[in-house]
1. Return the loop-located trypsin sites (Lys or Arg not before Pro) in the stretch 95-147 (DSSP other than H, G, I, E, B) with at most 14 other Cβ atoms within 10 Å of their own Cβ; answer none if there are none.
2. So for Cys260, Cys119, Cys185, fewest C-beta neighbours within 10 Å to most, what's the order?
3. Cross-link partners among lysines for Lys14, C-alpha distance below 24 Å, same-chain residues fewer than 8 apart left out?
4. Can you show me the helix-derived [θ] at 222 nm for the chain, built from DSSP H runs with n ≥ 4 at -39,500 (n - 2.57) apiece and divided by the number of residues, rounded to the nearest 500.
5. Measuring from centroid to centroid over Cα atoms, what is the spacing of the stretch 175-241 and the stretch 95-139 in Å?
6. Can you check what the net charge comes to around Tyr222, using other residues whose Cβ is under 15 Å from the Cβ of Tyr222 (Lys, Arg +1; Asp, Glu -1)?
7. Identify all aspartates and glutamates with a Cα-Cα distance to Lys147 below 17 Å; exclude those on the same chain that are fewer than 8 residues away in sequence.
8. Quick one, what does Rg over Rh come out to for the stretch 4-176 if you take C-alpha atoms and the Kirkwood Rh?
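Read the figures in this text as sums done on the coordinates, not as results from a lab. From a predicted model like this one, the values you see are computed outputs, not experimental measurements. Neighbour counts run over all protein chains shown; Cβ positions are idealised from the backbone, glycine included.
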Amino acid sequence: MPKTAVFTWLKDGKLSDRIAQLVNDGVQAAAEQPVSLYVFGDGADAGLAKDVAFTGVDKLVIVNTPGLAFYQTDALGQAAAEAVQADGIDVVVAEAEPAGQAILSRAAVITGGGMTSDCTQLRFEGGSIRQIKPSFGAQVMVACEVKGTPAYMTMKNNGTAPVPPDGAVLTPELRTYDGASAITCTGTEPLPESSHLTGADVVVVAGKGAIESGQFEAVKAYADKIGAALAGSRPVADQGFIPFDDQIGESGTVIQPKLCIIFGVSGAIQFTEGIKGDGKIIAVNNDPNAPIRGFADVFICADMGELLIAMNAQD
């Protein structure tokens, strides 16, 4: 059985809000066997143990990286590689976010390992781990295997259920990495994130049909009117109408709203896999045979332009 570990990094002293989901991904990769959890970060200390007392974790390693911010990926990559080599780790699972991707890719080069990014699912089959991920612009799903060890895998937010806390706070192994970074940052500027989508109760989605019919601004106005988060399908992001972080689907963000209203999306599986949970889904499309009809709880076959005029005119 491969030795599996979950790696995570503090950002501004805080744990990722996806850590419980990530641990569950790690447990799945380890064929539901216990995994080790490694937390790296400037100021990381034993006080974190109470926040990561998850079912399935049998070892906790906290690595203090004094003076290193999460964007100093060269030094953090070296720290990760040293942990992998020192502890004989075969499989590393981490979150598919920019810093983690960069850190693990550096660690993979240092340790001579392989890496698969943006996975949506991990399956342990026949003694090896299959990594399921979208490819070719999210037009197909592929099953990959990293040959040899160590194997590094980053996981997208795919709606995995968070592993529950078990109440057993582990005594962590405390380490310090004193390496320096060649990266100097003179300032940071936050960019829009998809957190407003992942935590939104109501999401309005614009699809290719909204772009082609010239109704994107009307969809956006409706989202603003009802106080909903605005998202889009892949073509809407590709054409620059929304940031890529606001794209819904296997190659984008996974949402779990209480209500999702969708305008002009055909409903291919690459899109529908981005909506999880048991919330109500309302879809508007002028094609009565659009696949989204079978996915939605309520399907409205209508011209979205006329419908949006009426909806936006309501008090």
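1. On the way: sites: Arg106, Arg123, Arg130, Lys147; in loops: Lys147.
Taking the stretch 95-147 and a limit of 14 other Cβ atoms within 10 Å, the loop trypsin sites (Lys or Arg not before Pro) found are Lys147.
2. Working: Cys260 26, Cys119 22, Cys185 9.
The order, fewest Cβ neighbours first, is Cys185, Cys119, Cys260.
3. The reachable lysines, counting only those whose Cα sits under 24 Å from Lys14, are Lys50, Lys59, Lys156.
4. Values: 10 runs with 83 residues, N = 315.
The per-residue figure over the chain is -7000 deg cm²/dmol.
5. 23 Å
6. Numbers: positive: Lys220, Lys225; negative: Glu217, Asp224, Asp303, Glu306, Asp315.
For residues surrounding Tyr222, the net value is -3.
7. Filter leaves Asp90, Glu125.
8. Working: Rg = 14.9 Å, Rh = 15.9 Å.
Radius of gyration over Kirkwood radius for the stretch 4-176 works out to 0.94.
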